[in-house]
Structures are given as structure tokens and as C-alpha cells.
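Each remark here refers to the structure printed beneath this line.
Read-outs throughout are calculated quantities, based only on the coordinates presented, and are distinct from any laboratory measurement. Not measured: the values here are computed from a predicted model. Virtual Cβ from ideal backbone geometry, glycine too; neighbours counted across all protein chains shown.
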Amino acid sequence: MLKSKVIMVKTRSGKILKIVREHYLRDDIDNGLFGGKLDQHPELQNDLVSSEHFLIPDTNVVLHQMDVLEHSCIMNVIMLQTVLHEVKHRSSPVYKRIKSLCANPDKKFFVFTNEHCIDTYSARVKGESTNDMNDRLIRIAAKYYDKCLKDRNQTAVLVTNDRANCALAKKEGLDALTIEQYVKNIVGYPELLDKLAKADEAIEVDKSISYPEHLKLSQVQAGVKSGKFFQGKLGISRENYLEGKIITHGEDGKEILIQGRLNLNRAVHEDVVAVEMLPEDQWSNPSGVILDVTVQPGAEITDSEKKKSSGVPTGKVVGIIKRSWRPYCGILESFGSPEMTRHLFTPAEKRIPRIRIETRQAKTLIGQRIVVAIDSWPRFSKYPQGHFVKALGSVGDKDTENEVLLLEHDVAHEPFSQAVLNCLPPSDWSIPKEEFAVREDFRDLPICSVDPPGCTDIDDCLHHKDLGDGTVEVGVHIADVTHFIRPGTPIDNEAATRGTSVYLCDKRIDMVPELLSSNLCSLRDDGDRLAFSCIWIMKPNAEIVSTRFCKSVIRSKSSMTYAQAQMQIDDKTAKDPVTMGLRGLNKLAKILKHDRIEKGALSLSSPEVRFHVDSETHDPIDLQNKELRDTNSMVEEFMLLANCSVAKKIQQEFPECAVLRRHPEPPQSNFDVFLNAAKSRGLELNAATSRDLAVSLDRTEEPKEGIHSYISTLLRILATRCMMQAVYFCSGLESDFRHYGLAAPIYTHFTSPIRRYSDIMVHRLLAASIGADKTFSELLNKTEIQNVCKNLNFRHRMAQYAQRASVGLHTQLFFRSKVVHESGYVIFVRKNAVQVLIPKYGLEGTVFMDRDFEGNTTVNADDLKYIEDKCEITVRGVKLCVFDEVTVQISHDATNVQHQRINLKLVHPKINGISI
Amino acid sequence: MEENSICIPGERLGSSEQYQPGKGTYVRHGFVFASIAGSIKKESDKSGNLPLIHVQSIHTKQHIPQIGGIVICKMTQLTSAFAKCKIISVQGSNHTAAFRGIIRKEDVRATNRDKVEIYKSFRPGDIVVARVLSLGDALCYLLSTAENELGVVVALSENGTAMIPLAHDQMQCPITLLKQFRKVARPQSKHISFPENSKSALTNESTV
Amino acid sequence: FELISDEGYRFDGRKPSELRRVRCNMGVFTQADGSAYIEQGNTKVLAAIYGPHEASNNMRSRVCLDKCFINCEFSQAMFSSAERKKRSRGDRKGKDMSAHIKQTFEAAVRTQLYPRSQIDIYLQVLHSDGSLYCACVNAATLALIDAGIAMKDYVCACSASLTKETSLIDINHVEELAGCAEFSAAIMPKLDQIIYSELNGRIHQDELGQLVDAVTNGCKDIFAVIDRFEVITDNTEIAVSPRSLHS
């Protein structure tokens, strides 16, 4: 073991730091050739390489050609440490992908720690740049492998994109090819060519546009530091893909608007960008115009619209700090001949620009959902350049569309791996004897569960028992998932990554394998189950006398649906203990709910629908609004109570690392539009506190002249949209625990461990706090917990979006062969359109006010009058105001096969040239 | 462990049933361990006791005065009741930072104790061989010269030459022939062994 | 931020249970009663021992009648870290370090042999690259042996950190900065006793055992290394090189 030292001199903030690091060189580093991953005969043939060969890609190849490397035919690759380090530095998503490739035993990617190997180490030559040095290190390693492979009649092929490097390598007697050369000459896999990312120079110049040049990273950083530029993540508006905003870093976190193609300057949604402020006279307002991509491709906001007396801070993008491109799902545009190789791709996500790709398979790809990755966005190209990754299936096909929405929302939906399945208990598992010794036996209690129909993952049960001394015992029993999912096991890691089960209209993506979710952990009424119980002693006025938690064994007496439970309660003749219990619970729940609302809890609303799905085709055949019964809210009340009790307990026990859920109070500005809309209809609402809001919303339920009765629900729906996202967090890292919506000082999730990972963590904490289980390192590490919470928050958000998208998809399928007239309500008024909500279908859509139902602009600006303050729009003398009831025709628009959608056409009120 | 082999602190030298622990060793859990680095020495005891094992440090480094041990000191200050001195050498090693000691009036001589006068026994600057009586108080060691072999070994006359002992209580300057009172040590080389370097240290000291 | 690659190598190319290169030297000062110099990777420490001697005037109050007391002074050269920084002797870090080293050696030195006296341990850090405490203890041990002061055993110290359930021993500055908990311990390798341990940061109690084992093994490795390498390259004086004489 030899060693040498690397001396680096760095300057930071003017000071000169001398950093001396040790660098040990070893002679025992595995090169994989003997008994390792590389001890074999690679089969892939290439016309340019005469013998069996291994690939050594350089950094740029890994960074840009991941889709090629991920193809199943590319195997036997030597990944150098130098390359991995550089990739890690430059792009973390690519790094993650390459890491998972290296971990996959089938791909035979071998990581060689070349910089610590005595045979392949080289010190920096004086004056050499880091890039040059890395290239040289890669060549040295390639040479080393070449030498080692010689006796086996095999070679190592250096794959690089850099011409100079390639030439140097050839001069040194190495087999070196550019990735294009290599891929073109692979025998037997022509489709690989499409996956090849295009190098910058191969792009034709689009004369119509020339974007300003991006500043160098160093200039950007200097500018951000000096305060000249602002750094932030770009969020493109959902309604207008040419308008976005960033929220600057720092305490005040102000918003900067960016409008127009040139000002956006090739920044894509979610990129981290540097923005320079425009002079104040060029400030503008977020446009009220809805840009419909399909109707008017490339429509831009005209100057006249921009002119406004006052504006919000507006800027332009001067540099990109970090790209966050990912593969996008979408479709190929059908313009142009399929024989051509250049095509435009439209992503399903409206906020992503269209992407230019090259493919020879256009004929087959049209009409299919495909995945495309962006490679680059040169200055003289209107659209970014990308390459084809894979095809998912034909457009409109339900499975394909499901796949799209899962992919788009990053929902892990592949089957569980063998490692995960190995963690499961046998399917004939039954409760072992020793569990009875450490658990309380509640099998005699009248425990029952109440869930929506068709629910197979029952994670909560309830019971109610009169103790006879004026108090009652109420128990919430939650499936004891943590008994089966032990920390650190593959199943635990998988559940932590998935974070939540995702419920689509027609299927459920489980967080844990089905054996647990629908059988062992599902508290069905068919046998004994392990549970984690929360038991209260309560007075009849729902005042809690005592609370305790314990692990238990239960036997549910009955698994009911909400409707069944309601019937039992209402059935005067039923006198069995379960029914009596339900009545008791129901009574207590009402008191609890009342108390909660008194404290300022909000009862909000969202239009939710259920699809009845054909049992064979799985197509939606009917839909109905979710009904709310007393029993729904009964179960909900007790779950809330359990969650609050548990939150208090774990926070007390683990003040530094409890997993809690917080719902931040929304800033008043969130309510501006909402309050204004209500005001325009003469409704004075107050949103100063959650209690004020709850009270004023309740007041709207009183009938009022001139206003339909549905307005209260509408207001609740709109109020929901003003709220902030509730988030999980670690108690040691935040000081504000309040849950705004529930008006609870502290809250967590405890009651659904089968479908939420947060609940699993809470279970573990609670078990540790009552001494029923051991703690472990990650559980008590607050940064670790915060990281998990971050992922959970992300997954939950994505799951919600996926659910919404799934509803949207089913709505489309439902209306595929129907045209329906239905009444709806105007919920937003925009400059050129109104947003209409159809409660019956939970459907929301845009009705344009400046064009007829066929999409042709017929109304000129003079006939359109938009008054923002009053939330009203007048078109040809007909006034439409927010909350107005309208009748629309709903139809499925399949004229554009690739871009099917739901069309709303105005039926009533009649407006000349617009309505039907 | 072999005689003369090198050991290091913490090394087990043998069981305490085998050896008596000597210098540079200690006993723990019935075993003798080395506490300094050096070579192992064994001395068999004639009276039938266990052989003594000790470690001789390769360096002759710092020693601190032991009760009953012989030290060499230099007189610094006299009062009628005691004489203060600096201990400059313990067991042949010379100290850089000296310990302090005192010789009380009653410890100067073994006989005629009540007639002792400090001023007639020592003068500042005298080099005296003494035995450590006790650790005294926190500040200095209690020394004694109440043996024939102990007392002043080097004393300088007023003109700076070393004086020659005349009797047990007198010394004379060889040049001026001036006689002075001292508690003179009877020179006995086999009893008090002076290593080479400490002698040179003494002469150095005396020429200062 | 990965402290350890999937292939099992640390930043500097070591495996988790490998020490950095250790080099040491004894008897580097002639003036002191004992002295030593140690390099553990880039952490470089000089130690000097004075004593046992009578307590100096300003330490009188600390004198014990039945044993010696140990006075430790730790200082760091202003060029010892990446940034030049003036460090005063009495800064908090230095005081802590002194106190810890003092505690460590009070347990190892046979203090009752030296009543009423004082032993000074002076430590000077020339370059700091993590595991400072450990290097200081190891240097001081060698210097004490050089001074011929009786000790129960060698004192060897080693640090460890925990990442991804793997314990890394002898951590360097970069690994210290990663923010994982750092555990240091000093042991007497032949008596198999831990005489000092310190934990910076939080770990779960289940992991402590693993960490203690790693540190203990690390200390024993250090012992093996300094026991073997105690040879002095300069040929001035005898100095102790027991093992080399042995073999």
C-alpha cells in the first residue's frame, strides 16, 4: 500500500486555503477480471471492433447517453471512478440512474476504483485542466484494461464524444470510438439509433429565433452573490406555458414573473435559473389569458396585452444554474410526412415545451404514447432537441394512459422485487403464541370496521363499551403493520420509497405487497389480527378521562360499509353489542365534531366522484358523487382523535424526532381572489383566522335572494384551493406544529399504516414510547427523519396529482361516446374565458369567450369586456359573473386522435356566435 | 521473560507467585507488569524469598526523592532552626527543576544534638549528601545528615577553592588555610556512589 | 455526500477499517525529559514531557501528597489548518483538549509513584487533519515512555465515525466535516481497558457497541504499529525501540 499526496490550493471568499489531502494508492483493487463481473465473454458484436470487447464510456457519454446505456443489449461496461465522480458532480438524476445500472447484476456494469489503483493513478500535470486530467485518467485506465485483456484476446473500447480525446486515445494505440460510431455499428439492434442523444453541433439552425446567450456559471454565481441576479426554481404557469415565475431564495422569498419565449430563454419547468430584473416600466402582470396549445400553437401574448399601468416584478432568464430535465411522456405531432426523420413531440405535461426529435420509426410511433428525453436546447432552435426513449402503447388505450400518468407522476408501480417478497411471512401465517403473551387480548370486545364499499385494505377498527360507571371505553384499533415490516429490511425500504399507496379509479398501487395490505394486516372480520390500539375512557360528553396505547390482538365482529353501518344504526330493532357500540360512537362523534368546529376547524369540500367500472372491460360505465353519511364522519372523528392523541404522546416522548403533520396557515394574499369573488356576489367572507373562515362559510348556507343554494359548496371548494399543502415534518426541526385546517395544536398520521409510510414511522415511535418495541438509529435521527418526510410529502403530492389525472382520464373515457347537457357553475372568470365546474361529474373545464365552439376566433376585443374587480365578463351584451349557473354541453373531442380531450360548449345563456 | 530482554509498559513479566515486583514494575491481578520501557533484570534472593524482578530503564531519567533514599542537595538559605536546600540529584540523576528540602537543626548530627548550630554546620552553596526522612509538609522534603557518611561533601572557601575536610566538624581552605566549621561527611565511596555525570554537574555547580 | 463508495473505499482510498499511515519518532528534543513526534496521516503532533519535578510555583495548589499531578498544555500552530488562524493558548477547544488528555493519562500513569510532584505534557499540533485527540494521546504516550515515567500500559487512542451502518476508523478532517457522530476512545491495549471515551454527536444506543468494537480494534492496530515502528530514524541516541531489538 503506497501513498501519495494531492495538494490543492483553493480560494474561497478571498481567503487562501491550503487543503492537503491524502490519497492512498492500493495494489489490491479488484479490476473485475478474475472471478468478477468482467470474467466472461461479452456477446455484443460491433462491426468496428473485431473481437470480444468491454466498453469504457467517458463522462459525457454517461451524462448524455443514458438511454443507450440502459438498453438491455449494452452490457459489460467498465465504469471508472473518475467518470462516476464527475457525473455525480454534474447531474444527480443521471448519477442515480447509473448507480442503479451498476447495482443491477444482469447489466454487468463494473465499477473500477481507478484513482486509487496503483496501476492507473496519475498525478495532475502542471497546468492541466480538470477535464484534461480526467480524460487522461480515463485513457490510462483503458490502456490498463487493454493490457490485462490481451491474453484473453479481448479488448477494451473507449467510448467518448470528444473528438480530441478520441484522437489522442487512438494515437496511444487504444480502441476508441465515438458513441455514434459505436451505436451505428452494433449488430442486431437498429432501434438503438433513435435513443442516441444528438450532439450540439448536429443541429440545424432555425432562423426564426435566436435566444440570448446564457451567461457562464461563474458569472451567474457572481451575479447572484452580488444581488444583481436572483436564483430560483422556475415554475411555469399551468394555464400558460410561456409564462412562469420563480420564488427567490432568502427570507422574504419574493416572486418574479417571467413572460414570453425570449425572456424565458430556454428555461424549462423546474429548472433552477438565474433571473435578472427588467426595468420597472417593463413590469407586467400575470396574464389572464388562457393559452390553448392545441388550438393555436405558438400563440404569444401580444404587446398590447402586456401594457398595464402597474405590474409585478418581472424579469428575464440570464442563465441556467441547474437543469432538471427528465424523460417526458407525450405524443408525436402528426404534422409532416412520417417518412421524415425529424419530428416534433408534444409532452403530456402542458408546462413543458415541445421537443424536436429524430426517429426512423415515426410511422409506428404516431398514435402511440412515447417517452422522450431532452438532450440540449441550442440558441438557434425554437424547441429543445431530444431523443426517443421508449413507446408505451397506443393513445387512448386505458392501460397506456394509466402508465403515462404513473410515469408522469413518478409513481413506482412495478411489481415488488423478490427481495421484498422474501420479507413476507408465509401466506398461512397465524399469530404465534408468544405474541399473546406481550399483547392485550381484545378479542371479546365488540370491534367492527366501517369503510367504503370494496375496500380490502382495512386499517382501522373501532369499539365502544359502556363501563357502567358513567364512563365509556372507546377504542381505535389500527393494523399492526410494523410487526411485519421491520426497519431496514428491503420491504421497509421499498415502502419508504413508495411512501403511500396510490388509488387510481380502476386500480390501486400498493405501498406494501398484497398479502399484507389485503390479508394479514387488513382487519377483516374473518379472524384474529394484530393491532395497535388506542383506548380512551370518556365521559358521555366526550371529555377524555384517560388515554392509553397498547399492542393487542383483536377479532373484528363485522366489516361494514358506511351504508351498512348507517342502516344498522337506524334499525331500531337491532340491539346487538356492535350496533349499540356504533350508536354510542355516533353520539360521541357528533359531540367531538361540534367541539372541533367550535375551535375553528374547517369543513371544506372538493367535488369527488366515484366511477362504476365495468367488471370486464374495466371501462367506466357510470359515476356518482361520493355521498357523505353520518358514519363517514363518525369514523373520521375517531381517527382524528386517535391521531391527535398519538401526536401528543410521541411528541412528549421524542421531542426531537417525532413525525408530525402540520398544515401551515395560508398567507392572507392566498384568499384575495376568493374573497373578491365572493364579494362580487355580495357575500362578505372573513378569512382572518380559520375560525372566522369557518363561521363565515357557515353563514353562506343560509339561503339568500338571487343566489342559488349550491354557492356554499362552491365557496368551500374554492376555499380549499386557497389552502397550503399539509406536510409531514420532524418535530426537532420546526417550531410551528399547528394544523390550520383541523385547528389542532398538534397532529400526525397514525391510522393508516397499510397505505402511508408516515403512519409506519409513527407506529414505531409510539411502540418505542410504550416500551413495546425497540428504537433504532434512523428512528432517532432528525435529519434522517426529515429526509424521509420530504420524500413522503413529495410522494403524497404526486399521488394526489396522479389520482386527479386518473379521474380526468376516466371522465374522458366515460364521455367517449356521449354528448351530455349538464348544468355547471362559473368558478373563475378570465380575460378570454370562464372556468366552469360541473358538480355532477366533478369536472372542470374552460369555456372560451372569444371564439366559437369550433375554436375559430369570432369575437373581437371590442365585444369582450372584462372587469377584474367584479369578476365578470360581458360578451356581446351577455354578462357572465362568477358563481353564475350555466348549462354546457359536454362531449369528448376525438377529432385530434393524439390529443383527445373533453370539450365544454356553452348552451345557456345564449351568446351569439359562442354558444350552440 | 528472559533476563535483559526489552519490555514496554503494560507487558506481563510473570506471575507474582514467581517473582517479587521490583522497580519499574507493578502487580495487578496476581501478575507482575512492567511500567516503564527498559531491560528486565532479575535478582535471586539468597534468603529463599522469590527472585526480584525489576526493569532498568535505558535512560537514566527523572527520579523523585524516596523516603530513606540518599539525595544530593545544595544549601540555599540558613536560619538558626533549619537549613533550606535544593535537591539537585536523586539516585544519580540530575534534576532540572529541583525539589526543595530542609534540614532541621535536630537532624544535622546524630550526637550532641542539642549543641548543633546551623551556622557552624552549613554555609549557602555547600553541596551536601543527605537522607530523605519524610515527605514533610506540602512544600519541602525533610532531610537528615545525622549519619557519619552524610554531610557536606563540597564546600568552597571565600576565595572560591574547594576546602579539604580536617575533622568531622572542620574544613580548611588549602590556599588561605582558613578553617571553617562544617558537618563533614565521611567519604565512603562504596556507600555513596557518584555516577560520572553527577560529578561533573557538581563541579559545574561549584564554579558558577 | 457519500463517505464510502459502493465499492467500499473512502475518499482517500482507505477501507473502513484501515488506519492512515502512522509514523513516529521518539526523543526529538534533548531539552525535555521525554519527547515524541507522531504523524497519523496528515495530523502531526509533537509532544514533550517535563518531570516529574516539584510543582512549579503557580501550580502549588494542585499538589497532592500521595501522587503526582499531570499538567497538560495543548496548542495548535497557526498554520496547522487550511486557513491561517491565530489561536490563543487558552481558547475553549484547547482547554477541553488539555483536560481530556490530562484525564486520560491520570488513569494510565502510575501517579502514586511520584508523590508531591508534577508531570508536564506539552502538545503542539503542527498540522491538523482530523482525530486530533487521538494523535495527541498517542504522541504523549510515546513521550512518556521516552521520559521513563511509569505507566500501567501504553495508551492508544483512535476515533471512529458511523455512516451507512459501517464504522470508519481514524477519520480525517473531511470525514469529520460530514457531520456524522464521532467517537474517540483511548484504551490500554494489553490490559484491554478503555480509559477514556468521548462521543460527539448523536448515535443510537444499538450502534454504540459496533462503534466501540471498531475503535478498540483501531487502537490495537495503532498499538501494533507504534510498537513495531518505534524505531527512530535519526541515530543520535539509544531511544527505546524494544520491538525492533526483539525481532
In whole angstrom, the spacing between the Cα centers of segment A:47-110 and segment A:170-198 equals 13 Å
Relative contact order in percent for segment B:6-57 (Cα pairs under 8 Å, 6+ apart) equals 41 percent
Calculate the all-directions average of the projected area of the protein assembly as shown's alpha-carbon convex hull, and give it in nm².
73.1 nm²
A:R548-B:T161 pseudo-label distance in nm [points 7 Å out on the Cα-to-Cβ vector]:
10.5 nm
To the nearest 10 degrees, how steep is helix A:711-722 against the longest Cα principal axis of chain A, on a 0 to 90 scale?
30 degrees
Length gained when the stretch A:E128-A:L733 is fully extended (0.36 nm per residue, less Cα-Cα span)
213.3 nm
Which residue, chosen from A:T713, A:S690, A:P666, occupies the Cα position most advanced towards the positive end of the dipole of segment A:666-723, where the dipole is computed from +1 (Lys, Arg) and -1 (Asp, Glu) charges on Cβ about the Cα centre?
A:P666
Can you figure out the FRET efficiency of A:K150 with A:D47, using R₀ = 25 Å and their beta-carbon distance, to the nearest 0.05?
0.70
In this model, which of A:K507/A:K590; C:K102/C:K164; A:K679/A:K704; A:K593/A:K648; A:K216/A:K322; A:K99/C:K15 are farther than 23 Å apart at the alpha-carbon?
A:K507/A:K590; C:K102/C:K164
Using only Cα atoms, tell me the angle between helix A:577-599 and the longest principal axis of chain A; keep it within 0 to 90° and round to the nearest 10.
80 degrees
Among the lysines, which have Cα under 25 Å from the Cα of B:K105 when same-chain residues fewer than 8 positions away are ignored?
B:K74, B:K84, B:K86, B:K115, B:K120, B:K179, B:K183
From Cα coordinates alone, what are the radius of gyration and Dmax values for segment A:369-430 in angstrom?
18.9, 67
Grab the DSSP H runs of chain C that are 4 residues or longer, score each as -39,500 (n - 2.57), total them, divide by all residues and round the 222 nm result to the nearest 500 deg cm²/dmol.
-9000 deg cm²/dmol
Can you pull the Kirkwood radius for segment B:6-57, inverse mean 1/r over Cα pairs, to one decimal in Å?
10.5 Å
Taking the convex hull of the alpha-carbon atoms of chain C and averaging its shadow over every direction gives an area in square nanometres of 14.5 nm²
Relative to the longest principal axis of chain A, what angle (0 to 90°, nearest 10) does the C-alpha long axis of helix A:398-408 take?
70 degrees
If the reach is capped at under 21 angstrom between alpha carbons, list the lysines near A:K18, excluding any in the same chain fewer than eight residues apart.
A:K3, A:K5, A:K10, A:K126, C:K44, C:K85, C:K86
Which one, C:L19, C:A32, C:N200, is farthest towards the positive end of the dipole of chain C when Lys and Arg carry +1 and Asp and Glu -1 on their Cβ?
C:A32
Based only on Cα atoms, what Rg/Rh ratio does segment C:1-127 have, Rh being taken as Kirkwood's radius?
1.07
What length, rounded to one decimal in nm, is gained on full extension from A:S823 through to A:E665, with 0.36 nm per residue of separation minus their alpha-carbon distance?
53.5 nm
Determine the distance separating the Cα centre of segment C:43-73 from the Cα centre of segment A:641-688; give it in Å without decimals.
63 Å
Residues of segment C:51-81 with backbone nitrogen within less than 18 Å of a virtual label 7 Å along the Cα-to-Cβ line of C:K95, please, listed as ranges.
C:59, C:62, C:71-76
Partner chain Cβ atoms within 10 Å, averaged over the residues of C:25-33 - can you pull that number for me?
1
Computed E for A:K507/A:K679 - FRET, C-beta separation, R0 35 angstrom, nearest 0.05:
0.20
Cα-projected label distance for A:E414 with C:S88, points at 7 Å along beta-carbon direction, nm
6.1 nm
Give the long-range amide H neighbours of A:D451: residues separated by 5 or more places, or on another chain, with amide H under 5 Å away, using H modelled in the peptide plane at 1.01 Å from N.
A:M560, A:T561, A:Y562
Of the listed peptides C:128-134, A:375-381, what is their order by residue-averaged count of other C-beta atoms within 10 Å, with the highest listed first?
C:128-134, A:375-381
Inside 10 Å of the C-beta atoms of C:141-154, what's the mean count of C-beta atoms belonging to other chains?
6
So for R0 = 56 Å, FRET eff. of C:S56-A:T489 from the Cβ-Cβ r, to 0.05, ends up at 0.35
Using just the helices of chain A, give the 222 nm mean residue ellipticity in deg cm²/dmol: DSSP H runs with n ≥ 4 each add -39,500 (n - 2.57), and the total is spread over all residues, rounded to 500.
-8500 deg cm²/dmol
In the structure displayed, which of A:K818/A:K840; A:K350/A:K879; A:K96/A:K254; A:K228/A:K831; A:K782/C:K220 lie more than 25 Å apart, Cα to Cα?
A:K350/A:K879; A:K96/A:K254; A:K228/A:K831; A:K782/C:K220
With only alpha-carbon atoms in the gyration tensor, what are the semi-axes of the equivalent ellipsoid for segment A:815-908, in Å, largest first?
23, 16, 10
Counting only other chains, and only Cβ atoms inside 10 Å, what mean value do you get across the residues of C:48-58?
4
Separation in nanometres of the label points that stand 7 Å from Cα toward Cβ, at A:A222 and B:S5:
7.1 nm
